[in-house]
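First comes the structure, then the notes that go with it.
We did not get these values from a lab; they are worked out from the coordinates using the rules stated. Since this is a predicted model, take the numbers as computed values, not measurements. Methodologically, a virtual Cβ is constructed for each residue, glycine included, from the backbone with ideal geometry; neighbour enumeration extends over all protein chains shown.
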Amino acid sequence: MRIPLLSRFMPSPLTGLKEHAEKVKECVWFFQQAVESHVSVERFEDLRKQVISREREADEIKRRLYEGIPQKFMLSSSIRYHLVRYLQEQDHVIDAVEDALDWISCRGKPCIPESLEKDFFLLVDSVIDPIEELSKMAEEAASFFKTGARKQKNAIKEIIRSLQMQENDADIVEDKIKHEIFHSIKDPTEIYYLIRLAETIGSIADHAENAGDIMRAVLS
């Protein structure tokens, strides 16, 4: 069997993807704290700097993987292509986190109306779970590349299904926020600002689901 035989001679390319996924998860954790602290104007900039620091560390891992996947692993061009796409989607999670924090920082003061705070916190919470799943998926995929075991393959498929459900849950919260914005906010500038913030936060879960779709292609 090709995958187990391959693992006798070289490490799994998924090992680096899990390392990158852990940095993505750290970024999202700090993002969650930053959004919560911004409402009370505490620690926001410090937490934003933590995200920037983790993003740089993730970039270093990403560069190493970009150099290593094509050269060090005896994989088909199709699998290499999908692994690179997977890494890109995982990295887009950090991009979305940074975009959201940059957008928040533009205001320089609490920007979420008190009536919407609870829903925005719920939206942030709803995009955390899919990122937790990315790390699990990379770990299971690394095991699958070593053994080719059906157990790991089934576990990955279950995670992919979970990602789809969690992204759908995040979409529901995002749509609810948009509905409330249009019906409770009168200032057009404020409407645009809050809608874009909700969509940017929601895109974090979108990229996690996209990564799951790409992993399904790797399995096939």
Kirkwood hydrodynamic radius (C-alpha pairs) into Stokes-Einstein, the stretch 2-219, 20 °C and 1.002 mPa s, D in µm²/s: 118 µm²/s
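My understanding is that a pair violates if its Cα-Cα distance is over 27 Å; which of Lys118/Lys186; Lys62/Lys136; Lys49/Lys178; Lys49/Lys109 do that in this structure? Let's see the in-between values first.
Numbers: Lys118/Lys186 20 Å; Lys62/Lys136 18 Å; Lys49/Lys178 29 Å; Lys49/Lys109 17 Å.
From the list (Lys118/Lys186; Lys62/Lys136; Lys49/Lys178; Lys49/Lys109), the Cα-Cα distance tops 27 Å for Lys49/Lys178.
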Extreme residue, positive dipole direction of the stretch 2-219, given options Asn168, Ile181, Ala138 (C-beta unit charges): Ala138
Dipole-positive endmost among Ala205, Phe31, Ser78 within the chain (Cβ charges, Cα centre): Ser78
Contact order relative to length of the chain, as percent, for alpha carbon pairs under 8 angstrom and 6 or more apart: 31 percent
Ordering of 179-186, 116-123, 133-140 by burial proxy (mean other Cβ atoms within 10 Å per residue, highest first): 133-140, 116-123, 179-186
Fewest-first ranking of Cys106, Cys27, using other Cβ atoms within 10 Å as the exposure measure: Cys106, Cys27
